[in-house]
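First up is the structure itself, then whatever we jot down about it.
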Amino acid sequence: MTTNTKTTTAITQNPILAPSRIQEWWLPKAGNILATLFIVMAITKMPFTKALTYFFPSMLTILGIGAFGHMVNDWLDIKADHKAGKKNRMAKLPVYQRILVLFLFLTVALLPWWVLPFDENSLWLLGAEFVLLIIYAIPPFRLKERALWGALADGLYAYAVPAVLAAYTYFLIPGGSVDWLFLAILFAWQLFIGLHNILIHQVEDYENDLKAGSWTYPVAKGTKRATKFTIYGVLIPELLLFTSFVGYVSLVYFKGYFILPLVFLVLRYLPLLLVSSIRVFAHLDNAKDLQTVNMTYYKFLIFWNLWWCGMHSYGYMAVLGGALYFGVPQIKESVGGLVKKAYDRAYYFLGYWVNMSVYWFRVYIKGEDDKTARREHYNEEIHGKGKKRASIAVVNRNQSKYTETFVKQHLLHLPQDVHFFFGGDSYFPKYVTLKHKGGILQFLPNSFNKIKSFLLPSEYLLKIAFQHYLVESKTKLVLAEFGTVGAHVAPACKELGLPLIVIFYGYDGFHKNVLEQNKESYPVLFDYASAIIGVSEDMVQQLNKLGAPKEKLRYHPCSVDLSLFEYTDHSKNDPVFLAVGRFAESKSPHLTILAFHKVVQEIPSARLIMVGKEDGELFEACIILVKALKLEERVEFKGMLSHNEVYQIMKKAIAFVQHSVTTPIYGDKEGTPVAIMEAMASGLPVVSTRHAGIQEMIIHEESGLLVEEYDVDGMAREMIRVAKDGEFAKGLGISAKKRIHSHPLLANNIHILAELIEELLD
């Protein structure tokens, strides 16, 4: 077998309309059209009830036309996407299903026109839309591969023509005259929005287009020149056309219409072009910098145009309220926060009096003493009277990455009140939860900054929000998971005078690129942090070499929930070997496969089970290697599994294998792998390498077996040895279990970390 069913499904599944795909192509385009519809509704003073009649057919045709174009494009891009290694929604579908998909979306696009009004001009616009969709993708035209012509065609069919068609249709609904000058300005403005967006996408997709041989504008001219053209040749005219559009609406229809768009333009775009920290002109070949000037008209104009609709019909105001609530996180969080606060206060008030009534009944009616009356809550009550628990912040980039179980242990078991910050493209968090109860970090110092955070998101404002929340929640200490996170939050902690603990886990202390990126921020971190933790002795030594003061350094291995992995005798199991972890270079799963290949030659019935995420760096390379070695029947890829599922496989395995290495180019290393400690706790013999913290946990031939890095033959010999000698394997497992369960830093892991926190708080 090549892979198990779960893995095969994970690899081949490629939904036609996954939420991420809808967000990528439908929302921005539909958002612009929505804004257009609302302004025409305001201009024509369309009654709210009539607007409702036509709104949903309008949305259906927008979705249908857009989806039809994307599916045609995907079908004709199958070969190019395969060359570039990109996923393609149509590739896995047989031809008849592709035809059905196109027919479905074409039906969705055309059926609403039984309801929507149209005339000869509408038909010309609709025809132009489908012609553009087709010649953009279909040979011999295939404009998408004709440099700037492709960008122009995309701007026309994705933005300009649909916007004009939508506006023209809504001018027809009341039966009045059509404002052709309005449509002309709208057409030009939307065309430049479309050009801007497709050029940004092409710059970001440059490497894939290069591999596929797609002759896009950035491929033809280079990303630097394409970016300059986007800024000077597209963005600036786009801003001028935006100004012309709002100016025309103000002069002809609504005198005050220009006010907020002008404020929006000044706050949202001028700083992006002028402030040096944005670095738009400093790094013109950087697609991420281009994204900072990506236009978001629909997010603002939908609300603004709805407001003008509401001037003649209050029904629109209700829609505006809903749009603001669901579209602006700050408003949703504020309203949700007030409701939750009221609920919590009522719940705790009622709960307090119910509990006290039960307590008084036991004491005064039943005659119980205080300890008996409080039952299991006695110790908690007595402890609570003594010392109130301090609030601390745990900060990580990921919310719940499957490999970072040690972070979850901190969140669940630290005795302090933990505020968990996570998320964001930068290492500064965007979200906060309190004991996993949820909530978005939007606590900014004042209403002006709330406006700015909506119009001009930046790391600076995230820092302000982070600091404000720390102050408001009376947080006394920050625990940064990973050195890279610590380096980013250290200045914020320093400004507030908050103690900072940072834990280094592996790549953050060894990977050459990471060290180069943080060569200025790590010294600041080392200077300010109150405690710097390495999860292996090897890591502690490395941090000292990097400049961390010895007096601040502490060795503290990753937290492991030993209760989940009870001892089992594996000595009589079939020759099944288990590998668990990311498919990353430092874990070198391909070397484990090479060693296993040698094992199979000696033990033909041997099997290897590999557990780990399907999109790991080396996952597909490992599948290719398994096929090349003709081991499909012997190697099984399980994908991501829960702790309990891994433990159930551990029970049936003969040994745990992992060939960790120091990577030759970037010098990346492990800390102390949690999966190895879990295997040892369950009594499963471990065959691994003399690498970083692994050799600190395992005593060779006593609590496991170790070989030198890259010694594939040696690893194979030790795997065969364990599989053939059951008594030897049993002895290794018993010793491994004892070593892990008796390790003082593991048995009392959370308690030791909690004591360190309390020590710094005092």
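Where a number appears in this text, it was derived from the coordinates with a stated rule and is not lab data. No experiment lies behind these values; they were computed from the predicted model shown. Note: ideal-geometry Cβ built from the backbone for every residue, glycine included; neighbour counts use all protein chains shown.
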* To do: Over segment 35-141, calculate the relative contact order: mean separation of alpha carbon pairs under 8 Å at least 6 apart, over the residue count, as a percent.
  => 36 percent
* Between segment 521-548 and segment 143-194, what's the alpha-carbon centroid distance in Å? -> 57 Å
* Rel. contact order, % - alpha carbon contacts under 8 angstrom, at least six apart, segment 129-259 -> 24 percent
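Arranged by the count of other C-beta atoms within 10 angstrom, fewest first, what order do Ile503, Ile623, Ile649 take? Each step should come with its number before you reach the end.
Numbers: Ile503 28, Ile623 21, Ile649 17.
Least crowded to most crowded, the residues run Ile649, Ile623, Ile503.
What list do you get for Ser214, Ser400 if you sort them by fewest beta carbons within 10 Å? Kindly include the intermediate steps, with their values, before the conclusion.
Numbers: Ser214 21, Ser400 13.
Fewest-to-most ranking of Ser214, Ser400: Ser400, Ser214.
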* Per-residue HN-Hα couplings for segment 103-116, Karplus 6.51 cos²θ - 1.76 cosθ + 1.60 at θ = phi - 60°, whole Hz, x for Gly and Pro? -> 4, 4, 6, 5, 5, 4, 6, 9, 4, x, 6, 6, 9, 6
* **Three-way shape call for segment 562-742 based on the alpha-carbon gyration tensor, with the a/c threshold at 1.5** => rounded
